[in-house]
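The values are calculated or read from the model by the stated rules, or taken from the named source; none is laboratory data. None of these values were measured; they are calculated from a predicted model. When we count neighbours, we look across all protein chains shown, and the Cβ atoms used for this are built from the backbone with ideal geometry, even at glycine.
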Amino acid sequence: MLCSTFLIFWTLSGCQQDRTSTGHAKEETLSVNVVTLKEQPVTLTRELAGRAIASVVAEIRPQADGIVQQLSFDEGGLVQQGQTLYQLDDALYRADVASNQASLNRSLATLEAARLNAQRSTALFQHNAVSRQDHETAQSALKEAQADVQLARAALERSRIMLGYTRIVAPVTGKIGKSSVTQGALVNANQSAALARIQQLDPIHIDLNQSSSELLQLRKALLQGSLSDTRAIPVTVMLEDGTTYPHTGQLIFSESSVDPETGRYALRIAVPNPDHMLLPGSYIRAVISYGERQQAILAPQQGILRDAKGTASAQVVKPDGTIEQRTVLTNRTIGDQWLIDEGLKAGDRVVVEGLQKLRPGVVVHAAEATTAND
């Protein structure tokens, strides 16, 4: 019985020694796929949402009192600058022009008589045939007649202007809305309601808003020289259905102050709109270029991990084949990659496949991963 027990113990001990000597003698080398980072120029963009507005809005208001005799446009249609929109009853204004014209003619006749009288007075005064007082009176009458002519001409010009106001024309080219009055309505020069409104839609403007913190970050980067200014690059416009608008826009305005209530500042872009596809009030998204980083580092998104606190890290294969975990600072996503601010540099080999079993210091066999650009 004792011999049997000894034999079983010896057999188990031998099996344990064989397992120790064969199973843990050498760890298996892991195979991973890596992407070797390189510096490349990257244009930084920002997608902002906004609303389209007309580039020019003109409210049509009367400058003279009168009855509307005729409307000469189609509501909702396109009108040209200088086109007649409304014609008011102008009978009284024509009468004023005729009256002022007659007053001017009378003043001109008085002026001619005063001029002749002044000439005769001058000739007689040189021969001492008239007193100085009579001579000065004649000269004063001439000047008074000249002033009367100027007043009459001014009155005539004013009456002609008022007559012109009875023909209300389009100040700009654009689409006109509905009319607030009809034929036969009485309008006056000091009324508060506009007769109609014209909106110029080509080009059309898009008003956007961006946070002041992003503006501060951009200006710091431009001052430090890490970014080159690209705000003159055309702006890509996205429609409400997600499609790209065929015409690009241009940044024309940037507000000089920040709205204290929202912490944002206003931007405006101008976009060609020859087909009037964009209408005022439409929801628009615009992709604006702010700067270009000449020596940017981009890392694949699958190679950047985050812990429970949100800290980003990457597994980097060192030249000796061992794994090093790096804490990195990301800026933004560009396509399927992260723009890296700190932690990685050109030449680093970042693991993108086989991350599950990795730990710092382990030796791996690294193979370059195949990317979509290869």
| What number of residues in region 166-217 are of a type in the set (A, V, I, L, M, F, W, C) and surrounded by fewer than 18 Cβ atoms within 10 Å (Cβ to Cβ)? | 10
| Residues (assigned to a helix (DSSP H, G or I) and surrounded by 15 or more Cβ atoms within 10 Å (Cβ to Cβ)) located in region 125-135 | Phe125, His135
| task | Looking for whichever is more than 27 Å from Leu163 (Cα to Cα) and either surrounded by 15 or more Cβ atoms within 10 Å (Cβ to Cβ) or without any contact (Cβ under 8 Å) to a residue 24 or more places away in the chain (or both) here; the options are Ala138, Ala113, Ala102. Which one fits? | result | Ala138
| query | Ser313: of a type in the set (S, T, N, Q) and over 30 Å from Pro234 (Cα atoms), yes or no? | reply | yes
| said: Test of understanding: among Leu85, Leu78, which residue is within 30 Å of Val271 (Cβ to Cβ), buried (at least 19 other Cβ atoms within 10 Å of the Cβ), at pLDDT 85 or above and in contact with a Ser or Thr (Cβ under 9 Å, 6 or more places away or on another chain)? | reply: Leu85
| Quick one: which strands (runs of 3 or more DSSP E) sit completely within region 278-374 and have at least 3 residues that are surrounded by 15 or more Cβ atoms within 10 Å (Cβ to Cβ) and among the β-branched types (Val, Ile, Thr)? | 283-300, 323-334, 349-353
| task | May I ask you to verify whether Leu44 is surrounded by 14 or more Cβ atoms within 10 Å (Cβ to Cβ), in contact with a Phe, Trp or Tyr (Cβ under 8 Å, 6 or more places away or on another chain) and either at positive phi or at pLDDT 50 or above (or both)? | result | yes
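Can you give me the number of residues within region 210-252 that are farther than 15 Å from Ile284 by Cα and at pLDDT 75 or above?
3
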| Which ranges mark the strands (runs of 3 or more DSSP E) fully within region 24-110 that have 3 or more residues being over 30 Å from Gln183 (Cα atoms)? | 30-36, 39-60
